[in-house]
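The values are calculated or read from the model by the stated rules, or taken from the named source; none is laboratory data. All values reported here derive from a predicted model rather than from experimental measurement. Here Cβ is always computed from backbone atoms with ideal geometry, including for glycine, and neighbour counts include all displayed protein chains.
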Amino acid sequence: MLVVIAIRNLLASRVRTLLVGFILFFGAFLLVAGNSFLDTIDRNMERSLVNSISGSFQITSSEAKDKLELFSMDSSTKDYGKIADFKKVRAALEAVPNVRAVVPMGLDYAVVATGNLLDRRLADLRNTLKAGNTARSHVIAAHTRRMVETLARDFKVGEALIDKKRMDQFENDKKNLAEATTESFWEALGTDAGATADAGGNDPYAALEFLENKIARLMPGEDLVWLQYLGTDLERFRENFDRFEKVDGEQVPAGKRGILFNKRFYEEQLKNKTARRLDEIKERLDAGSDFDGCDDCKEFIRLNRGQASSLASQLDADATTAVVKGLQVALNTPGESDPETLLKALLDMDAGNFLERYKLFYDVVVPHIRLYSVTIGDTFVLTAFGRGGYVRNVPVKVYGTFRFKGLDKSPVAGVFNLIDLTTFRELYGVTTPEKLAEVQALKAKVGVKDVDRDAAEDELFGEGAAVEETTTSQAFDEMAAADLSDARRRATEAAADRVYTQDEIDSGLVINAAVRLADPDKAAETRPALEAALASAGLAVTVIPWREAAGVVGIMILLFNVVLAVATLIFTVVALIIVNNALMMSTLQRTGEIGTMRAIGAGKAYVFSMIGLEAVLLAVVFGGAGFGAGAGLIAALSGGIPAASDILQFFAGGTVFIPVLSTKAIVIGVSFIVVSGFFSTLYPAYVATRITPREAMARQD
Amino acid sequence: MVRLALALTCLPLVATALTPKELSALVAEIDDRQRNSGDWKSSVYIEQKQKDKEDVVYDSVIYRRDATDSLIILFVGPKTESGKGYLRIDKNLWFYDPGTGKWERRTERERIGGTDSNRADFDESRLSEEYDAKHLGDETIGKFAVHKIELVVKTGVDVAYPKLLLWVDTQTHNILKRQEFAASGRLMRTSYYPKWKRAFSRSKGAEVWYPEEIRVFDELEKGNKTTVLIRKVDFDPLEPNIFTKAWLESKSG
């Protein structure tokens, strides 16, 4: 009977019912669909981080002055402390149930100085001369000559733009270029490699140094690239982070030293800029951009048009022939034999010819140029300021590139390059006891008095100070006490293809480590066991949940959750107020009806139940429909939504975002329906029970 | 009485004011006194103290040929740093590490061995050639009366710092204090030169001045400071082909 009356009442005032119903519908829909979306994002980000770098927990030394941040906006040097002997920590943690592996790590920055093209070519020439490789040095010398001739021609073009005050230097450089383009100059580099000077007095090394010191610095394009690296046990990293995937080249062989570039970093930072710009245009077109409406694309083409000369100078004699032949046919210009003119024509791209020219560039030009400033297979030098204060220069071989699966474009994925732990330790610059003793001995021998900055002038120039004394020049043997054997040892070690044992890799310093769990869902239960194991082994190491260790990314995830919670709360309160208000108004409008019902014997409980049931029916029907619609939307999108932009890929944890109806969303959706139904009923129903027949009749009057 | 005391206090400042000609002659004299017409070899100790880090020290040898503007800084200790070196030829500053066997171009701002010192601290003085001078007034540092001089880099010259302030002893004409500023006007380093030495050079036929001690205070990383000590000098001619990559490679390879 009550249900019939409640339904009748609801139908009697359809507008009110629909208004309140819409709010309940929309609230339930939003909470179910929105929470499912946000939960999916949160879970994706967690998976992205836990399975690519952080593990469920990170550990650092308890003496760390800064809190570990795997991702940080701040590139200043941080003090995350150091774990002196990783082996002990690994043994203690891997004995804990649910721990699958402990992966050693160390984060830092280094600089890569690539030099300009001529610098690199001259370094090749120097090496081939030293190696006595006559045939190869002739090829490189011929190519170098081409580069110098191009440089000399471009240099003359710039004469009109030179500031008069710089004219002396300009004239001097021009004179040097003129000398470096004479036949006789190149005869010196044409002598037998390895010789210091031939019978005619030609000295290849003197000519080489002339080019290195007077010519190469005139060529623009020197790059200094900052590189963030993660030193780790590469084998264990690969085994335990399933998002890791090799892209180009090969894995660093087990126990060997080497670097794997992050594919994203490799493309963006180390690739030939002309090729990179073309890639960027292609990526935009592939993503659906219109060439004519893309201002960046036009700017990239404009910049590329100026690169013909630079590209041409990279081509040696054989490459020039191949490129000219290829472009003559493709561009249908059989009479044109100047490589620079042909390249300029190739790079003059527009909406109509871009895709064809892009393919042509990669087919005809790219095989003959240095596409990356550091190529797979190269050994290059990483320079870092070691923690011991000394600058560290460590040669490292490039084995390949990698990516984190499904995260190619995510900002998270592009951050780290992976290097072996031995190279990391050398860059970190641990001061050995022997070195410390040597430094102390040197300091004691010289005995420099420390001077405080603020008191320096009084201490150095106060009473008794004499600033000038007479002395004598005296011959001394600077090498008498010098021991250069360590330089030779380092050179030998760098050249050696040494394989390090697992014990050597484990025994030594790391900064942090990732703890991978067999069941990541049991992370909360495992944490106390990890802490207990470390404490009982006497290790001063702190366990940090991945979310805290993630730094700026962790903060972003936390913010998401806070925003979600606040939004849910606000929406629920607003919905309650509106529904409550609507029911209240409806109750007051029905004062006469309720009074009559009371007059014919309906008790307070009956009236309360009737009003309450109306609200419950509204909540169940419309809230339920909203719940269903929300769940239906999630189900409809289970095929996935393409994540086009970088940031969307991060949220999606891949290239496709697949929302999942989460338990949390179901609980919140149902709770909303129950809570809004219950609380929005209470007051109107209470007011209704207070209406007496007499009061109702008095109002009707 | 008070006026008399004030007048006496100000007297040295008024008496030592420099005319533009005197200023130009003074800066040229600073350069000329440090220039050796022939070669230069010195044993140099560098000690860097850094906030929250261990001290960094180098035992090094400096080779200089002022006639060709060439310079080598070769580290000979500690052992792990030995053989690394810098070579300046023309406008190039090269760094060589025998551990890598590679040469790298470095800029004028290069922190030598990661310390607060830079190439100019070890090289011939070229103030008149590189900067325009302006006399800002006279002051005292400790017990010494000094000329305060501003130097601004000339157009087209590549130097580590485009603006310098020098405090030059009015009596001995030695630099006692030097401040270096970035293009933004930010103070980067303050250096003190508490001890100057002069020694007779046969090649020059006159005395050569050099700072026996340089105290460099990093104004960017407060708390970092570097001391450079020139312990021995030798003005005898060096090998003719010393300022080449090949020579440095042969020494440290």
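Residue A:380 falls short on exactly one of the conditions (1) out of contact with any Leu (no Cβ under 7 Å at 6 or more places or on another chain); (2) surrounded by fewer than 21 Cβ atoms within 10 Å (Cβ to Cβ); (3) part of a helix (DSSP H, G or I); (4) within 14 Å of chain B (Cβ to nearest Cβ), and that condition is (3). For segment B:208-222, give me the residue count where each residue is at the interface with chain A (Cβ under 10 Å from one of its Cβ atoms) and not in a loop (DSSP other than H, G, I, E, B). Matching residues across segment B:208-222 total 9.
Could you tell me which residue of segment B:26-56 is nearest to residue B:198 (Cα to Cα), considering only residues that are surrounded by 15 or more Cβ atoms within 10 Å (Cβ to Cβ) and over 18 Å from the mean Cα position of the chain (by Cα)? Among them, the one singled out is B:38. Across segment A:424-465, the number of residues qualifying as more than 45 Å from the chain's Cα centre (by Cα) and more than 8 Å from every other protein chain (Cβ to nearest Cβ) comes to 7. For segment A:405-415, the condition holds for no residue, the condition being that it is surrounded by 15 or more Cβ atoms within 10 Å (Cβ to Cβ), of a type in the set (Asp, Glu) and either assigned to a strand (DSSP E or B) or at pLDDT 90 or above (or both). Has segment B:188-207 got at least one residue that is more than 9 Å from chain A (Cβ to nearest Cβ), at pLDDT below 95 and within 18 Å of residue A:476 (Cα to Cα)? The answer is yes, given that some residue of segment B:188-207 is more than 9 Å from chain A (Cβ to nearest Cβ), at pLDDT below 95 and within 18 Å of residue A:476 (Cα to Cα). Of the residues making up segment A:466-478, just one is modelled with pLDDT under 85 and more than 7 Å from chain B (Cβ to nearest Cβ), namely A:466. Is segment A:362-373 home to any residue that is touching a strand residue (DSSP E or B) at 6+ places or on another chain (Cβ under 8 Å), assigned to a loop (DSSP other than H, G, I, E, B), at pLDDT 90 or above and under 30 Å from residue A:426 (Cβ atoms)? Yes, segment A:362-373 has at least one match.
Here residue A:129 meets the list (1) buried (at least 20 other Cβ atoms within 10 Å of the Cβ); (2) under 30 Å from residue A:269 (Cβ atoms); (3) hydrophobic (A, V, I, L, M, F, W, C); (4) within 13 Å of chain B (Cβ to nearest Cβ) almost entirely, failing just condition (2). Scanning segment B:110-117 turns up at least one residue that is touching a strand residue (DSSP E or B) at 6+ places or on another chain (Cβ under 6 Å) and under 24 Å from residue B:168 (Cβ atoms).
For segment B:75-87, indicate whether the set of residues that are assigned to a strand (DSSP E or B), closer than 17 Å to residue B:239 by Cβ and more than 7 Å from chain A (Cβ to nearest Cβ) is non-empty. The answer is yes; a qualifying residue exists. Of the residues examined, residue A:489 is one that is at pLDDT below 90, more than 8 Å from chain B (Cβ to nearest Cβ) and surrounded by 11 or more Cβ atoms within 10 Å (Cβ to Cβ).
Residue B:241 meets the conditions (1) more than 20 Å from the chain's Cα centre (by Cα); (2) more than 24 Å from residue B:37 (Cβ to Cβ) in every case but one. The failed one is (2). Taking (1) farther than 20 Å from residue B:192 by Cα; (2) surrounded by fewer than 20 Cβ atoms within 10 Å (Cβ to Cβ) in turn, residue B:99 satisfies each apart from (2). Restricting segment B:223-253 to residues that are among the hydroxyl-bearing types (Ser, Thr, Tyr) and within 9 Å of another protein chain (Cβ to nearest Cβ), which is surrounded by the fewest Cβ atoms within 10 Å (Cβ to Cβ)? Checking each candidate, the answer is B:244.
Of all residues in segment A:7-19, none that is within 17 Å of residue A:593 (Cα to Cα) has its Cβ atom under 7 Å from the Cβ atom of a residue that is surrounded by fewer than 10 Cβ atoms within 10 Å (Cβ to Cβ) and of a type in the set (Lys, Arg), 6 or more apart or on another chain. Scanning segment B:160-181 for residues that are more than 14 Å from chain A (Cβ to nearest Cβ), in a loop (DSSP other than H, G, I, E, B), surrounded by fewer than 20 Cβ atoms within 10 Å (Cβ to Cβ) and touching a Phe, Trp or Tyr at 6+ places or on another chain (Cβ under 8 Å) yields one hit, B:162.
Condition check ((1) out of contact with any helix residue (DSSP H, G or I) (no Cβ under 8 Å at 6 or more places or on another chain); (2) in a helix (DSSP H, G or I); (3) farther than 19 Å from residue A:62 by Cβ; (4) without any contact (Cβ under 8 Å) to a residue 60 or more places away in the chain) across all residues:
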{"residue": "A:474", "(1), (2), (3), (4)": "yes, no, yes, yes"}
{"residue": "A:503", "(1), (2), (3), (4)": "no, yes, yes, no"}
{"residue": "A:542", "(1), (2), (3), (4)": "yes, no, no, no"}
{"residue": "A:560", "(1), (2), (3), (4)": "no, yes, yes, no"}
{"residue": "A:566", "(1), (2), (3), (4)": "yes, yes, yes, yes"}
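Of the set (1) surrounded by 21 or more Cβ atoms within 10 Å (Cβ to Cβ); (2) within 27 Å of residue B:190 (Cα to Cα), all apply to residue B:219 but (1). In segment B:102-117, the residue that is nearest to the other protein chains (Cβ to nearest Cβ) out of those that are under 14 Å from the mean Cα position of the chain (by Cα) and surrounded by fewer than 23 Cβ atoms within 10 Å (Cβ to Cβ) is B:111.
Evaluated against (1) surrounded by 21 or more Cβ atoms within 10 Å (Cβ to Cβ); (2) in a loop (DSSP other than H, G, I, E, B); (3) touching a Phe, Trp or Tyr at 6+ places or on another chain (Cβ under 7 Å), residue A:281 falls short on exactly one condition, (2).
Is there a residue in segment B:118-140 that is modelled with pLDDT of 90 or more, under 20 Å from the mean Cα position of the chain (by Cα) and among the β-branched types (Val, Ile, Thr)? Checked against the condition, which is being modelled with pLDDT of 90 or more, under 20 Å from the mean Cα position of the chain (by Cα) and among the β-branched types (Val, Ile, Thr), segment B:118-140 yields no hits at all. Checking the condition among the small types (Gly, Ala, Ser) and either within 12 Å of another protein chain (Cβ to nearest Cβ) or buried (at least 20 other Cβ atoms within 10 Å of the Cβ) (or both), which residue from B:185, B:156, B:137 passes? Sole residue among the options that is among the small types (Gly, Ala, Ser) and either within 12 Å of another protein chain (Cβ to nearest Cβ) or buried (at least 20 other Cβ atoms within 10 Å of the Cβ) (or both): B:156. From the list A:577, A:555, A:570, the one residue that fits, being part of a helix (DSSP H, G or I) and under 17 Å from residue A:686 (Cα atoms), is A:577.
Based on this model, can you work out whether residue A:471 counts as out of contact with any Pro (no Cβ under 8 Å at 6 or more places or on another chain), among the polar types (S, T, N, Q) and over 23 Å from residue B:230 (Cα atoms)?
Details: out of contact with any Pro (no Cβ under 8 Å at 6 or more places or on another chain): yes; among the polar types (S, T, N, Q): yes; over 23 Å from residue B:230 (Cα atoms): no.
Considered against the rule, which asks whether it is out of contact with any Pro (no Cβ under 8 Å at 6 or more places or on another chain), among the polar types (S, T, N, Q) and over 23 Å from residue B:230 (Cα atoms), residue A:471 comes out as no.
Could you please let me know if residue A:54 is among the polar types (S, T, N, Q), within 18 Å of the chain's Cα centre (by Cα) and not assigned by TED's automatic domain parsing to the domain that holds residue A:504? Judged against the criteria, residue A:54 is a match.
Okay, residues lined up against (1) assigned to a helix (DSSP H, G or I); (2) under 25 Å from the mean Cα position of the chain (by Cα); (3) surrounded by fewer than 17 Cβ atoms within 10 Å (Cβ to Cβ); (4) outside the structural domain of residue A:580 (by TED's automatic domain parsing):
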{"site": "A:627", "(1), (2), (3), (4)": "yes, no, no, no"}
{"site": "A:631", "(1), (2), (3), (4)": "yes, no, no, no"}
{"site": "A:638", "(1), (2), (3), (4)": "no, no, yes, no"}
{"site": "A:650", "(1), (2), (3), (4)": "yes, yes, no, no"}
